[in-house]
Amino acid sequence: MIGQTLSHYRVTAALGAGGMGEVYRATDTSLQREVAIKVLPPEVVKDPDRLARFKREAHLLAALPARTPRAVRRLLSRCLRKDPRTRS
C-alpha cells in the first residue's frame, strides 16, 4: 500500500491496524496536507452494523477541529470501542 495513490491520496506510511481496518499516513495531493486514511477490509464493508460504526467514527473525527491534539483523537477512538452502542 505504501507508495500507492488512492484517489488523490498518496500513501506514505503505515500507522496501525485493528479490527476495523488499516490506517495509513498519506498526503492529500489536492490540498497538500498530511492526513490519515483508514482502509476497510471487505468483511467490514459488507457488514451494515460495522460499516455504520465506521461512519459514526468518521463523522465524530471530522467534527473535531484540525488542531485537536492526537491524544484527544485516540481517547475518542478508545471510547467508541468501549461504548456498547458502537460495538460490532
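Where a number appears in this text, it was derived from the coordinates with a stated rule and is not lab data. Only a predicted model underlies this, so the values are computations on that prediction, with no experimental measurement involved. Quick reminder, even Gly has a Cβ in these numbers, built from the backbone with ideal geometry, and neighbours come from all protein chains shown.
Can you give the net charge of the other residues whose Cβ lies under 13 Å from the Cβ of residue 48, counting K and R as +1 and D and E as -1?
Net local charge, residue 48 excluded: +2.
Estimate the FRET efficiency between residue 28 and residue 49 by the formula 1/(1 + (r/R0)^6), using the beta-carbon distance for r and 22 Å for R0, to the nearest 0.05.
Efficiency at R0 = 22 Å is approximately 0.15.
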